[in-house]
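Trainee: This structure is in structure tokens; I'll ask about it shortly.
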Amino acid sequence: MSISPKASIVILTGAGISAESGLATFRDQGGLWADHDIRDVATPEGFARNPDLVFDFYNMRRREARKAQPNAAHYALARLENDWPGNVLLVTQNVDDLHERAGSKNIIHMHGALNSALCFECGSRQSWSGDLDQGTICSNCSRPGLRPDIVWFGEIPYHMEDIGEALAQSGLFISIGTSGTVYPAAGFVMEAGMHEAHTIEINLEATGNTLFQECYEGKAATAVPEYVESLLTGLNR
Ligand code: NAD
Ligand code: APR
């Protein structure tokens, strides 16, 4: 299907796009939720119960993300943003910074980011690269109130209004490397489809969500560059 060059594109990525960069997904074999209980490390209640466990979990993920490198899928999305005539918004559920390091600019981290810390005393946000613990001092209010800037289960994702507006105007919605089990991200394909956007899924295995009009099964580092190439060569037809 050819997409109008004027069409704006919304891309949603999940843990699967970072899998070939060596970062664990959540629900695959050996995924993060196999070794960690979501209730302990990805809920406000878990943080209140045992903050050290949560700090350790995100410190470990921050160190791993720093060691990882963007893969061909991340670079292909940066190329698409650069070369596509219409607007391209990248919404990621991922908290690593591989999209930024691959060159994407127009990014929304709807679940937060490992390289950011949030102060629950004063609400300020600061970029963060090292480990965090209960004694880490907030540079804004000088109190030990920093937590990982991660949206946990039961909390509200970031920039939902901007995402809703972008989906309403999109001509093409591409979902990459996500199991589509967590809302509201899992509902984006329906929102885009309601506004006549063409909807595409690129995933290791098809999620079986029939709201996607096209589905490309395969590894992101292979399938995403191929799809981006087909989109961009379609411009010259
Ligand atoms: P949810 O109830 O929609 O849960 C979706 C999926 O998460 C479930 O299908 C299950 O696979 C898993 N899950 C949820 N709670 C679990 C538990 N206690 N044990 C095992 N698996 C569990 O999620 P929700 O509570 O409605 O949260 C949705 C909100 O939280 C949204 O704002 C979402 O963006 C945010 N969120 C953030 C993260 C994160 O780690 N950053 C993770 C998930 C959800
Ligand atoms: N290429 C493409 N897809 C892949 C690859 C790969 N190399 N490897 C795995 N996948 C697919 C899997 O088939 C699966 O459908 O990526 C998806 C990963 O799904 P999840 O592990 O559920 O991760 P995600 O969808 O990002 O989870 C959503 O749940 O717990 C929260 O905060 C967490 O943001 C995350 C949210």
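Trainee: Among the residues of the stretch 54-71, count how many are of a type in the set (A, V, I, L, M), out of contact with any Gly (no Cβ under 7 Å at 6 or more places or on another chain), closer than 30 Å to Tyr216 by Cβ and surrounded by fewer than 19 Cβ atoms within 10 Å (Cβ to Cβ).
Mentor: 0
Trainee: Quick one: Thr178 ticks every box in (1) in contact (Cβ under 8 Å) with a residue 24 or more places away in the chain; (2) more than 18 Å from Ala15 (Cβ to Cβ) except a single one, so which number is it?
Mentor: In the conditions (1) in contact (Cβ under 8 Å) with a residue 24 or more places away in the chain; (2) more than 18 Å from Ala15 (Cβ to Cβ), Thr178 misses (2) alone.
Trainee: Separate question: Does Gly31 satisfy the condition of being within 16 Å of ligand 1 (Cβ to nearest atom) and assigned by TED's automatic domain parsing to the domain that holds Ile202? Outline the logic, then answer.
Mentor: Numbers: within 16 Å of ligand 1 (Cβ to nearest atom): yes; assigned by TED's automatic domain parsing to the domain that holds Ile202: no.
So Gly31 fails the test.
Trainee: Same structure, new question: Filter the stretch 143-154 down to the residues that are of a type in the set (A, V, I, L, M, F, W, C) and either assigned to a loop (DSSP other than H, G, I, E, B) or within 16 Å of ligand 2 (Cβ to nearest atom) (or both) and list them by number.
Mentor: Across the stretch 143-154, the qualifying residues are Ile150, Val151, Trp152, Phe153.
Trainee: Mind listing just one residue for me: the one in the stretch 155-209 that is assigned to a loop (DSSP other than H, G, I, E, B) and away from ligand 2 (no atom under 16 Å from the Cβ) and, of those, surrounded by the fewest Cβ atoms within 10 Å (Cβ to Cβ)?
Mentor: Applying the filter and picking the extreme gives Glu196.
Trainee: What's the number of the condition Phe47 fails, among (1) under 22 Å from Tyr183 (Cβ atoms); (2) touching a Lys or Arg at 6+ places or on another chain (Cβ under 8 Å); (3) without any contact (Cβ under 8 Å) to a residue 40 or more places away in the chain?
Mentor: Failed condition: (3).
Trainee: Could I ask something else about it? Among the residues of the stretch 1-17, count how many are out of contact with any strand residue (DSSP E or B) (no Cβ under 9 Å at 6 or more places or on another chain) and not in a loop (DSSP other than H, G, I, E, B). Talk me through it step by step, then tell me what you get.
Mentor: Start the filter on the stretch 1-17 by keeping residues that are out of contact with any strand residue (DSSP E or B) (no Cβ under 9 Å at 6 or more places or on another chain), which leaves 2, 5, 15.
Okay, now just the ones that are also not in a loop (DSSP other than H, G, I, E, B), so 15.
So the answer is 1.
Trainee: Determine whether the stretch 6-22 contains at least one residue that is free of Cβ contacts under 8 Å to residues at least 12 places away in the same chain and under 30 Å from Gly193 (Cβ atoms).
Mentor: No, because not a single residue in the stretch 6-22 is free of Cβ contacts under 8 Å to residues at least 12 places away in the same chain and under 30 Å from Gly193 (Cβ atoms).
Trainee: Considering the stretch 129-158 alone, what residues qualify as being farther than 27 Å from Asn82 by Cβ and within 16 Å of ligand 1 (Cβ to nearest atom)?
Mentor: Correct list: Leu132, Arg147, Pro148, Asp149, Ile150, Val151, Trp152, Phe153, Gly154, Glu155, Ile156.
Trainee: Being modelled with pLDDT under 95 and touching a strand residue (DSSP E or B) at 6+ places or on another chain (Cβ under 7 Å), is that true of even one residue in the stretch 113-122?
Mentor: Checking the stretch 113-122: at least one residue is modelled with pLDDT under 95 and touching a strand residue (DSSP E or B) at 6+ places or on another chain (Cβ under 7 Å).
Trainee: Of all residues being surrounded by 14 or more Cβ atoms within 10 Å (Cβ to Cβ) and over 28 Å from Ala102 (Cβ atoms) in the stretch 34-53, which is farthest from ligand 1 (Cβ to nearest atom)? Just the residue, please. Give the derivation first.
Mentor: Initial filter on the stretch 34-53 (surrounded by 14 or more Cβ atoms within 10 Å (Cβ to Cβ)): 36, 40-44, 46-47, 51, 53.
Restricting the remaining residues to those that are over 28 Å from Ala102 (Cβ atoms) gives 40, 43-44, 46-47, 51, 53.
Working: Asp40: 9, Thr43: 7, Pro44: 10, Gly46: 9, Phe47: 12, Pro51: 16, Leu53: 14 Å.
Selected residue: Pro51.
Trainee: Tell me which residues, restricted to the stretch 154-194, are modelled with pLDDT under 95 and touching a helix residue (DSSP H, G or I) at 6+ places or on another chain (Cβ under 8 Å).
Mentor: Hit for the stretch 154-194 is Gly154, nothing else.
The values are calculated or read from the model by the stated rules, or taken from the named source; none is laboratory data. This is a predicted model, so every value here is computed, not measured. Positions of Cβ are generated from backbone atoms using ideal geometry, with glycine treated the same way; all protein chains shown enter the neighbour counts.
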